[in-house]
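These notes are about the structure you will find just below.
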Amino acid sequence: MPLVLGLDSSTQSVSAVVIDVDSKSIIHEESVSFGEDLPDYGQPSGFIPGGENGEVHSDPLMWLDALELVFSRLASSPVEMSRIVAVSGSGQQHGSVYLDEGFADALENMDPRKTLKGQILSHLTRQTAPIWMDTSTSAECSEITRALGGDSAVCSRSGSIAIERFTGPQIRRFAKTSYDGWELTGVIHLVSSFMASVVAGRNVGIDYGDGAGMNLLNLASGDWDEDLLKATAPDLRAKLPLPKPSGTVVGTVSQFFVENYGMNADCKVVLFSGDNPCSLVGMGASKPGKVVISLGTSDTLFAAMPDPRTDPNGFGHVFGNPMGGFMSLICFLNGSLAREKVRDDLGLDWSDFDREGLDQTPPGNLGRGMLPFFGPEITPRVSSSAPVYFGWKELEREPAAVVRALLEGQFINMKVHSRWLGVSPETIFLTGGASKNTGIAQTVADVFGVPVSRLSVAGSAALGAAMRAANAVCGIPIASLEGAFCQPEAGSTVVPGEGTGKIYQELEQKWVSALHEAFPLPKD
Ligand code: XUL
């Protein structure tokens, strides 16, 4: 009975899921948290605290320690490692790792008696890796945009306007500020392709899913875009791995994992992809028609797309769909941190959050609303440090109504800013921590006017990676994997409440007017 392994190298942890391809079931999961399991790195949330000028970096050596720890936990679990026939993975998107020419040799000659970290350390040409939370590259975004002739040129080629956290602007900043580091750099990996290279013991390519989060991949040609390369940094093509379809088998696992953890020397490695593309698969949404909302540190809304339509306002992104074609992704920064802020300010518990808020107030909140931007937001792009309230008569804001205003405000924002997708979902699939809360799921159903289902999967990115590997190596059709792994949890579906359609149409209009009033569009 063959097994398949899916890894997920995320912002705060490295986790693993093992699936049995015959019974199509999850047989084991492991997770290593940077904060809890590797406290010596002093990066409790997965990044180096105290970055200045918007810099948010993480330590690739910490990821390697976590990878070894996750493998050693797997090897001492009941999982028979030698039965694993395929492995793939997922990585937090946009982050980049800078390595010298010698990295390739180091990978091929990895000594199983030494640590990964000890053998890779000297090949880093930049000790830390900028990750997706980094906002330090506004100047580089403007420079790239200017060189290409405007936002729409960058967007129509790469699927997104130049964005601070995307890899191209980050690469440009490094090339501009560290001449020596840049000259020494032989290869630049994404988190996904770096981890895949370590697992495979050779430099591997970048898949179309994650590659599209770089402002460098030409979506139409599937190759690095010559003009974007030129606008980003000198000699960049030579330093980038080749872009490849996500289902590419890149070889077998490195001897390091065979000798240390009992992996089978024939176990195939499939290109890793980004966490959002992998979650698309893990949520059973790789065919157009399903929309997924993931409630996390930042909230995301994503869906498979039949053709690569781009957001005229530049807030949304187009990435490669690992199962072919494209996917859209919209990221909202004010996600669970905003929900936690309201919960803590009002002294509520998660268990109270909907009971004390949503149960005490009617849908539409009697016209009282909120623009839920507790900090800077990227969708829409506003610099804000406090929410904006509208339609409140009383000065004193009762906590229950504030909870409702926050949630309604977040979901109206998602609805308004996902309209460009031109997709009318039949069902929305909700995932992420806050999705367990039935009141929150009900509010999503009411605001969007469609049923909302929740799946029983915990880590959709690792599961999606495992499903991709099972498809690519064992030839199992993705539809049959989705049928087995991505079913709504019994009793988890909620439908829009009667009469809520009209209520939310009205509230949406007020919300949009409040947005335009509080954050007028710049006149040019
Ligand atoms: C997507 C994004 C995040 C990261 C981290 O554009 O920046 O969702 O992938 O999860």
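With respect to the chain, whose longest principal axis is taken over its alpha-carbon atoms, helix 167-177 is tilted by about 70°.
Report for the chain the percent antiparallel among DSSP-assigned beta bridges with both residues inside it, nearest 5.
On the way: 49 of 69 bridges.
Here the antiparallel bridges make up roughly 70 percent for the chain.
For G251, nonlocal amide neighbours, meaning residues 5 or more places apart or on other chains whose placed amide H falls under 5 Å from its own, are V269. Heavy atoms only, probe 1.4 Å: what % of the accessible area of the chain goes to carbon and sulfur, would you let me know? It is 50 percent, rounded to a whole number. Mind checking which aspartates and glutamates have their C-alpha under 13 Å from K114, skipping anything on the same chain fewer than 8 residues away? List returned: D65, E68, E259.
Between R113 and K510, the modelled label-to-label distance comes to 7.3 nm, taking each label 7 Å out from Cα in the direction of the beta carbon.
Filter the cross-link list K244/K290; K393/K510; K24/K436; K415/K502 down to pairs whose alpha-carbon distance in this structure exceeds 20 Å.
Check vs 20 Å cut-off fails for K244/K290; K24/K436.
Taking amide H as placed 1.01 Å from N in the peptide plane, the amide H of E101 sits under 5 Å from that of G186, each at least 5 places away or on another chain. Computed from the C-beta positions of A458 and S33, the FRET efficiency with R₀ = 25 Å rounds to 0.95. Placing unit charges on the Cβ atoms of the charged side chains and taking the dipole of the chain about its Cα centre, the candidate lying farthest along the positive direction among S193, S13, L116 is S193. Between D352 and E396, the modelled label-to-label distance comes to 1.7 nm, taking each label 7 Å out from Cα in the direction of the beta carbon. Beta bridges assigned by DSSP with both partners in region 1-127 are antiparallel in approximately 70 percent of cases.
Applied to region 440-456, the Karplus parametrisation 6.51 cos²θ - 1.76 cosθ + 1.60 on θ = phi - 60° returns per-residue 3J(HN,Hα) values of 5, 4, 4, 5, 4, 4, 5, 5, 7, x, 9, x, 10, 10, 10, 9, 7 Hz, with x for Gly and Pro.
Here the label points at K287 and N53, each 7 Å from Cα along the C-beta direction, are separated by 5.0 nm in the simple model.
In the chain, one over the average inverse separation of all distinct C-alpha pairs is 23.5 Å, which is the Kirkwood hydrodynamic radius.
Specify the angular offset, from 0 to 90 degrees and rounded to the nearest 10, of the alpha carbon long axis of helix 460-474 from the longest principal axis of the alpha carbons in the chain. Once rounded, the angle reads 50 degrees.
What FRET efficiency comes out for L366 versus E101 if R0 is 51 angstrom and r is the Cβ-Cβ distance? Round to the nearest 0.05.
0.20
Sorted from greatest to least, the principal axis extents spanned by the alpha carbons of region 411-481 come out as 42, 28, 17 Å.
Amide H contacts of M305: F326, M327, S328, each under 5 Å away and 5 or more positions distant or on a separate chain (H built 1.01 Å from N in the peptide plane; Pro and chain starts excluded).
Per residue, how much accessible area does the chain show when a 1.4 Å probe rolls over the protein heavy atoms, in square angstrom?
Normalised by residue count, the accessible surface of the chain is 38 Å².
If only the Cβ of Lys and Arg carry +1 and only the Cβ of Asp and Glu carry -1, the dipole of the chain around its Cα centre is close to 900 debye. From its DSSP helices (H runs of at least four residues, each -39,500 (n - 2.57)), the chain gives a residue-normalised ellipticity at 222 nm of -10500 deg cm²/dmol.
In percent, rounded to a whole number, the relative contact order of the chain is 15, using alpha-carbon pairs under 8 Å and six or more apart.
Relative intensity of region 367-524 on a log10 scale, I(q)/I(0) at q = 0.11, 0.16 Å⁻¹, equals -0.56, -1.00, per a Debye sum over C-alpha point scatterers of equal strength in the absence of solvent.
Extension gain, E426 to Q487: 0.36 nm times the residue separation minus the Cα-Cα distance gives 20.4 nm.
Computed from Cα atoms, the angle from the helix 138-148 axis to the main principal axis of the chain rounds to 80 degrees.
The values are calculated or read from the model by the stated rules, or taken from the named source; none is laboratory data. These numbers were taken from a predicted model, which means no experiment stands behind them. As a convention, Cβ positions derive from the backbone with ideal geometry for all residues, glycine included, and neighbour counts pool all protein chains shown. For the accessible areas, the whole protein counts, side chains as well, though only heavy atoms, and no ligand, DNA or RNA atoms are used. Shrake-Rupley method; radii C 1.70, N 1.55, O 1.52, S 1.80 Å.
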